[in-house]
Structures are given as C-alpha cells and as structure tokens.
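Just so it is clear, none of the values below were taken in a lab; they were calculated from the coordinates. Just so it is clear, the structure is predicted and the values come from calculations on it, not from any experiment. Ideal geometry is used to build each Cβ from the backbone, glycine not excepted, and the neighbour counts take in all protein chains shown.
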Amino acid sequence: MVNAQQKSPVVSLSKPNVILIVSDDHGYADFSYKGMYDYIKTPNLDKMHEDGVNFTNAYVTAPICSPSRVGIITGQYQARSGNYFYGGPGLDKNVNTMPQGFKSAGYTTAYFGKLHYGKNDGPDGFAHPINHGFDESIVAGKGGRVHYLYHNKEAVEKHSGTAAPWLKNGKEMELDGFTTEIISGWAQDYIASHQEQPFFLQIAFNAVHNFNHQLPEKYLKEWDLPYYPDFEELEGGEKYEHWYNRSIMPNMPNGRLYYAAQLYYMDREIGIIRRQLEALGMAENTIVVYVSDNGGSNCNGGENKPLRSTKYSLFEGGVRVPMMLSWGDKFKNLENNNIVSTMDLMPTLLTAANAPKGSYAHCDGIDILPGIEDSTKIQRDELVWDVGFAWAVRKGDWKLKVMTNQKQADKISKKQHTDMGKGIELYNLKNDIGETKNLVSQYPNIVEKLTLIHENWLQDVGK
C-alpha cells in the first residue's frame, strides 16, 4: 500500500473526489450512537455522523438488493428498466449510469466489492462495472451472496451456495482472506494512487449480508463466538434448505452477535479509509456517502427499530435506510429530516462534480445538496415503490401500502421470517412511525389520492 503520509497536491475544489460506500442489509437501529444495544459498535460511522449530515428519512427504491442497486446507479426508478424484484433484466444499456456521468466530467472511476444488479451483471453484460463506466473493478457475487473468506476455485466449487470468484476487470482472480478487509485494501490502494485526478470510487461491502458466521478465527475469539460450519462442510445428507433455515435468524444460534461482529469490522475499515483521506490531505475535497442497499434483514440479524418489519417488505423497515454524507468541513453533526432517496445520489454527486447536465437529465432523483442546511430547498414530498406483488406510496406524512398478490407475499414471509403485511394499509408516519395503526377506513379520500399517484406513476414508468 502506498504510504498514507504522502500528501496529494491540491486538486481543484470544483472537482471533488467522490466515494460511495454501499453496505448490505444494515439495520436502521444498528449504530452505537443510538444507544439501543451495547454490543453494536460503530465508532467510525458515529464519527461520520458527527462530521457530516445524517438523513433520517432516506429511502431506497426497493426492499431487496438488485433492484435497489439499479436505482442507485441510474438515479431513477428501476421499474423503468423492468426491475421490480429478484430476477429482473438488470441495467438498461440505453440509460446513463453514475460512473458514465463522472467519466463525462473528466473523472477516473473504480468499483470494488459485491456485484448484484440482475441478469446482465456477468462479465459480458452491461451491468458489469467495466461495461457501464468504471475504468477498473474487482467484484464478486453469486445470487447476491459473497463468501466472507473464500474465493479460490476449489472453494467456489465446494461452497456452491455461498462462494463466487473474484472478477478483476471481468477475468477470474483467486484471493482468499477476510472479504471486508480485502475490499477495503483495494479501495485504499486506489485512493493512494489517484491523488492527482478527481475520482469516483464505489465500495460495495458484502457486510452485513448473510452468512455472518463466516469470520476469521481470530475475530471469532475477539467476540467469544463459536465456529459455525458452512453447509458444504456437513455430512449426513442434510438438504441445503434445512441448513439454510437453521442458519438464519431467528433459528441461528448467536446470529445477532455474528451480525454485530461483521458490522464492527466493516465500520473499522470505513474508519481506516476516512483517516487515510485525512492523512493524504484529501478529506476536505472528498465527498463520502454511506448507505445501505435496503433495510436490515431479520434473517441476518439486523434490527430496524422503531421501524416495522425488514428487508423484503414495503413497510418502513424494508425501505427506509441509514444514509450519511460528509464533505470536509462543509457539514457538521446535522440531521436532515427531508424525504430523500438513493435516486438522489446520482444528480446530487454529479452536480457537485460539475458534470454535464445531460449526463443525469434522465434521473427521477433530485440534487439534495442545497436542502441539507435549508430544508425548504428540497422540493419533494412523495415517493413510490412497486415490487410486482405489492406497492406503496408515501406523500408527506401519509403512507399507503397495498398487497396485490398475497399468496406470493405470504410465501416470502414464511421463508424469510418477516412481516409482509396484508391487504390495504394506510399509516400516518408522523404520528405512527412504527406503522401500527391502519387508518384505511378513516381516510378513504387519502387512500384514493395516493392510489391515483401510483396509477399515474405506472403510466409514467411505462408498465
């Protein structure tokens, strides 16, 4: 790794570096600064909160990984490209992506970590990073899962349910080790070697997605946690589905603590990266964004209190997520309560980079930087979600959630141990953030109003 004390030359402040850190299934409640759980330790994300702005009403566009990530990288509702739930077509080659926008602004770009956009994220597909605007990438992903320890060919064959090879610029590469630290190391090397040209770096940690028990032995000892075997290590003919069900919450022994440990080590790496920026004299001219790709997963051990439910669901616990932004000394310990979306990241960051407006003109998101300190400058009060079997609309304090295929939702609920809800539900989030009091019968006019918003949205996205 390049010496972190070799400070960079001054780069134009009109071209800030941008680092987008996307974690996986991080629970809304799981920060040590919130003081809810003494075993949740996130000192570096707490520090990022102190150094920047925390968006308390930040939303993803879908309650699961791949469509949510499509929304992030394109700045628009992923339904426009046919992505609703798992198995979608992935990125549309006719839609400009965030890294393409940065390239048009003269940036160099890189992507390290988990890859999960849908059907065309293989090396030859447009959704593979090197094919939609990233100059270099090292990624892994198999059904959204990345093994925390193994990526060699033998392990990939043996651990067929959890392991996948690294792909460096589309070509297979073997490298074992703790995945969180490996991804962080690549990011640090990239930062140190790109001090003279503005860059956009996306870091996609697989933490804290399942299977969180996959920790190095020394870290298991630090947390006083027992070794838990992967499915492929077992003998006796146990079926994968049975092993999977007993290896996720609420059945998984110590599941919450395995999750807390993985979160702690990811937090540690984020702190190392941010301190590297300071040591290199780059912090003042670098925007760092942290966001989870969806709500915390009950299966993995995430907790979303006071929000209801988890990943997979259109309740707040599935779509409202942690999101923070720091930019040198521009913002200090701010909480922003405006309704914002991960769709906003693309127009916000490209505006900050002085990218051509045409590179993000297609976005459904908006530039939220002007509204960080003056909330009146964020001109949005409604968002729409649609996963094919259910949809939801938030407008102001009101949230309407409608199930259109209860059988499919119940199937997901049973497999993933989560609350998907039933029928038509209306909540006032200002008075009931936990979505406990269904007001659908008391306010039929609001139900009608929000239903019309969804109908107009469907026409707009072309379904």
So, R0 is 25 Å and r is the distance between the beta-carbons of Val440 and Thr56; what FRET efficiency does that work out to, to 0.05? 0.45
How big is the gap, in Å, between the Cα center of segment 166-207 and the Cα center of segment 94-125? 14 Å
Subtracting the Cα-Cα distance of Asn245 and Asn152 from 0.36 nm times their residue separation yields 30.9 nm
Longest segment of the chain with no GluC sites (Glu not before Pro) in a DSSP loop having at most 13 other Cβ atoms within 10 Å? 1-173
So for segment 67-195, taking the charge dipole from beta-carbon charges (+1 Lys/Arg, -1 Asp/Glu), which of Pro89, His132, Trp166 sits furthest toward the positive end? Pro89
Given R₀ = 25 Å, what would the calculated FRET efficiency be for Ile453 paired with Lys93, taking r from the Cβ atoms and rounding to 0.05? 0.25
With unit charges on the beta carbon (Lys/Arg positive, Asp/Glu negative), name the residue among His454, Gly388, His417 whose Cα is farthest towards the positive pole of the charge dipole of segment 384-461. His417
Simple Cβ-charge dipole of segment 17-373, Lys/Arg +1 and Asp/Glu -1, about Cα centre, in debye nearest 20: 660 debye
Going from the alpha-carbon gyration tensor of segment 215-331, what semi-axes, largest first and in whole Å, does one get by taking the root of 5 times each eigenvalue? 33, 21, 11
Specify whether the C-alpha gyration tensor of segment 311-463 places it in the rounded, prolate or oblate class, a ≥ b ≥ c being the square roots of the eigenvalues: rounded for a/c under 1.5, otherwise prolate if a/b is larger than b/c and oblate if not. prolate
For Gln406 and Trp223 in the same chain, what is the full-extension length gain: residue separation times 0.36 nm, less their Cα-Cα distance, in nm? 61.8 nm
Could you give the length gained on full extension between Lys422 and Glu233, defined as 0.36 nm per residue of separation minus the Cα-Cα distance, in nm? 64.1 nm
Expressed as a whole number of Å, what is the distance separating the alpha-carbon centroids of segment 373-406 and segment 269-310? 24 Å
Classify segment 384-461: rounded, prolate or oblate, from the alpha-carbon gyration tensor (a ≥ b ≥ c, eigenvalue square roots; a/c under 1.5 rounded; otherwise prolate if a/b is larger than b/c)? oblate
Looking at the square roots a ≥ b ≥ c of the eigenvalues of the Cα gyration tensor of segment 52-147, which shape do they give, rounded for a/c under 1.5, prolate if a/b is larger than b/c, or oblate? rounded
